[in-house]
Amino acid sequence: MTKGTGEVERIADRAQLWVSYSANGHDRTAAVNELTSRISRVEPLLDREGVEVRSRRLSVHTNWENGHRVGSGAEQYYSVRVTDREQLDELLGALIAAEPAWLNGPDWELSDRSEAVAEAQHHAVEDARRRAQGYAAALGVRLGPLLRITDGDESYGGSVERMAYAATATSYAPDTRELKLEPQPVTVSVRCTTTWVLLE
């Protein structure tokens with residue numbers, strides 16, 4: 001029985017962003033109304049080709065200071081997927097200009113891992129075979145046919161780039177091109193366990 005590992009690297013072709021916008025008011029209704037006003041300027045930024053809003057989530061809470069209630073706050077969270085690389089810099093600049101509470105991204109991903117997984121599986125089996133051949137040679141026997149193979153856990157990772165931006169008081173969209181937020185390599189790794197017949 002031998003284990004094999006196969007890895008392949010591909011350049012990411014889509015990005016994930018996380019962004020939130022917040023507002024305060026004297027009570028929850030006022031906070032949500034103020035947030036709604038802010039979000040009305042954000043939503044059109046996300047309505048473009050190559051940009052997909054994966055989720056929206058609302059949080060409403062009481063604000064406290066020195067043990068006393070000082071109004072309420074509301075925050076809307078977005079998970080955004082960008083499949084058009086040409087849209088990324090412009091979208092980031094527009095979202096930052098809208099003064100988010102925070103913005104994280106991009107995290108780089110592969111839209112289709114099937115081809116990369118298939119190649120990694122091939123490398124994993126070859127790795128397991130080489131290990132088995134080494135053990136067979138050490139025992140003075142020959143490696144026979146494969147009896148069984150068990151798939152290990154596929155992992156997906158590698159070099160993932162994440163940048164964080166704080167909200168700034170600006171009335172224009174900043175230029176993020178100089179930040180060099182280029183697609184990063186992503187590593188797909190596959191493991192397998194094999195059992196072989198040993199021949200005299």
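Note the listed values [x] 24; [y] 60; [z] 52, then indicate which one is percent of Cα pairs over 27 Å apart calculated from this particular structure.
Derived directly from the coordinates: [z].
What is the mean projected area of the alpha carbon convex hull for the stretch 89-143, to one decimal in square nanometres?
On the way: hull surface 27.1 nm².
Here the figure is 6.8 nm², rounded to one decimal.
Helix 114-139 versus the longest principal axis of the chain: what angle, 0 to 90°, nearest 10, using Cα atoms?
Rounded to the nearest ten degrees, it is 40.
Using the basic label-point model (7 angstrom from Cα toward the beta carbon), what is the MET1 to ARG113 distance in nanometres?
Calculated label separation equals 2.5 nm.
Can you give the helix-only mean residue ellipticity at 222 nm for the chain, where every DSSP H stretch with n ≥ 4 adds -39500 (n - 2.57) and the sum goes over all residues, rounded to the nearest 500 deg cm²/dmol?
On the way: 3 runs with 58 residues, N = 200.
Here the helix-only value at 222 nm equals -10000 deg cm²/dmol.
Enter the angle in degrees (range 0 to 90, nearest 10) between the Cα long axis of helix 28-46 and the first principal axis of the Cα atoms of the chain, meaning the one along which they spread out most.
Roughly 60 degrees, rounded to the nearest 10.
Using only Cα atoms, find the angle between the long axis of helix 85-97 and the longest principal axis of the chain, and express it within 0 to 90 degrees, rounded to the nearest 10.
Tilt relative to the chain: about 30 degrees.
Would you pull out the residues with amide H under 5 Å of ARG113's amide H, same chain only if 5 or more places away, H placed 1.01 Å from N?
The answer is none.
Suppose a student asked you for the relative contact order of the chain, using Cα pairs under 8 Å spaced at least 6 residues apart; what percent would you report? Before the final figure, lay out the partial values.
On the way: 451 pairs, mean separation 70.5, N = 200.
Taking the mean separation of contacting Cα pairs over the length of the chain, I get 35 percent.
Gap in Å between the Cα centre of the stretch 55-122 and the Cα centre of the stretch 1-28?
What the calculation gives is 9 Å, centre to centre.
What part of the accessible area of the chain, given as a whole %, is carbon or sulfur when the probe is 1.4 angstrom? The partial results should precede the final answer.
Values: 5470 of 11540 Å².
Percent of accessible area from carbon and sulfur atoms in the chain: 47.
In nm, to one decimal, how far is the ARG129 label point from the ARG28 one, both placed 7 Å along Cα→Cβ?
Between ARG129 and ARG28, the label points sit 6.4 nm apart.
The values are calculated or read from the model by the stated rules, or taken from the named source; none is laboratory data. The shown structure was predicted, so the numbers you read here are calculated from the model rather than taken from an experiment. Because the Cβ atoms are built from the backbone with ideal geometry, glycine has one as well, and the counts that use them run over all protein chains shown. The accessibility values were calculated without ligands, DNA or RNA, using every heavy atom of the protein model including side chains. Shrake-Rupley method; radii C 1.70, N 1.55, O 1.52, S 1.80 Å.
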